[in-house]
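The values are calculated or read from the model by the stated rules, or taken from the named source; none is laboratory data. Remember, predicted model here, so these are calculated numbers, not experimental data. Reconstructed Cβ throughout: ideal geometry from the backbone, glycine too, with neighbour counts over all protein chains shown.
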Amino acid sequence: MTKVAIFTTARSDMTFLTPLIKKMNKEAGIQLLLFVGGAHLKKEYGNTINEIKKLKIKITENFDYHFSGSSKKNISNSLSRAHKKIGKIFEKFSFDFVCVIGDRFENLAQISNAIVYNKPIIHIFGGERTEGVIDEQVRHMITKAAHLHFTMCEEYKKNVINMGEQRFRVHNCGSLSIDNIKSLKKITKKNLFKKLKINYEKPVAIFTYHPVTLEKKISTLKQIKNIFQAIKNYDMQFVITAPGHEHEREEINHFIKKKSKKSNKYIYIKSLGFENLFNLLPYCKFVIGNSSSGCIEVPYFKIPTINIGDRQKGRIFHKSLINCGYNTKEIKKSIDKALSPNFVKKIKKMKYKFGGGDASNKIVKIIKKIKLNEKFMKKRLIFN
């Protein structure tokens, strides 16, 4: 029996992890240990642990390390506390692998404990680039600590190998979020719009904007003000989701909540959850902001993404992405392009780059074949 520990700390994790958790939970020869903590346990982030509970999969243990607020001091304190809390989990439970996904700063607490306790690390979605945020550094730190890698596409697989990782450790599995989309429980437009309080008669777009933690040229508040200035005269509704737990989050959140209270044009939702998100996307004219979902999931639906600023700079982009700066005029020009019939028609023909919805099967199949011998446990970097 192979025991795999999965830690999830935010809604962004679960968009990807859900199909893998479901697969592992029912797979013969695999025992899943699921640890839920961080933003999942907090009201201000939508109490997303309730979404996890709906999966009816046993949560092995919760771990609360989260300090309210998104100042650098609070984030640093949260990370320090996470190290201690997760260390107790490593001491209390026995498992063969630690599985981490992406580039959240909380992952550093998991991998440092895994190194100390000599537990092999599985890293999902390494090799990507996001030059505008500290996630870039975190992701590559995890790659260098990990024993087994699952990337979203062949180019990202090559990036991991070029970082010195041995070829036998690196596998392209595609995006786990497409597994989610393929197995989605469908909600009718009428029921969905009623649930989310969206006007059935008006066009709709999704707006998600996160702090660009390495941006120095223009303030976060100015960035968000420019976006609202750009969208205000379009006769449509914007479903606005709360930003993730990062430095300057409160600044963005306070501004969008204030705007939403003043106009029914803006519908503020703390967390859509992947079920609502993926059901809503087919009815959207476009997605606007700087979320990774605009680069990864939205192109699957062949609708436009207006990607603002540098947060996602370095990722592989589909033809459906329209990149623009923070200038109001530039954002409006991008919206006009996204709404143009010619552009919409053009992107309907594009090929999706991140797999076909069988990532969880590929990952589990490979994990079950791994032998925890000296060759696997002792990493050797390849320098060309």
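Before moving on, here are some points about what is shown:
- Near pairs, Cβ below 6 angstrom, 6+ apart or cross-chain, from the range 112-140 (under 24 Å from LYS371 (Cα atoms) and in the same structural domain as ASP96 (by TED's automatic domain parsing)) to any residue that is surrounded by fewer than 17 Cβ atoms within 10 Å (Cβ to Cβ) and of a type outside the set (D, E, K, R): ASN113/GLY87
- Tally of residues being surrounded by fewer than 19 Cβ atoms within 10 Å (Cβ to Cβ) and either in a loop (DSSP other than H, G, I, E, B) or not basic (Lys, Arg) (or both) across the range 8-26: 1
- In the set ILE308, ILE256, only one residue is more than 20 Å from ASP103 (Cβ to Cβ), surrounded by 19 or more Cβ atoms within 10 Å (Cβ to Cβ) and hydrophobic (A, V, I, L, M, F, W, C); that residue is ILE256.
- Residue list for the range 59-84, restricted to those being under 28 Å from PHE376 (Cβ atoms) and surrounded by fewer than 20 Cβ atoms within 10 Å (Cβ to Cβ): THR60, GLU61, HIS83
- Within the range 144-259, helices (runs of 4 or more DSSP H) holding 1 or more residues that are within 23 Å of the chain's Cα centre (by Cα) and of a type in the set (Asp, Glu): 154-162, 176-182
- Which listed residue, of GLU297, GLU275, GLU246, GLU250, is of a type in the set (Asp, Glu) and surrounded by 24 or more Cβ atoms within 10 Å (Cβ to Cβ): GLU297
- For SER360, the conditions (1) farther than 30 Å from GLY29 by Cβ; (2) in a helix (DSSP H, G or I); (3) of a type in the set (Ser, Thr, Tyr) are fulfilled apart from (1).
- Criterion (without any contact (Cβ under 8 Å) to a residue 40 or more places away in the chain, basic (Lys, Arg), under 30 Å from ASP358 (Cβ atoms) and out of contact with any helix residue (DSSP H, G or I) (no Cβ under 7 Å at 6 or more places or on another chain)) met by exactly one of LYS88, LYS157: LYS157
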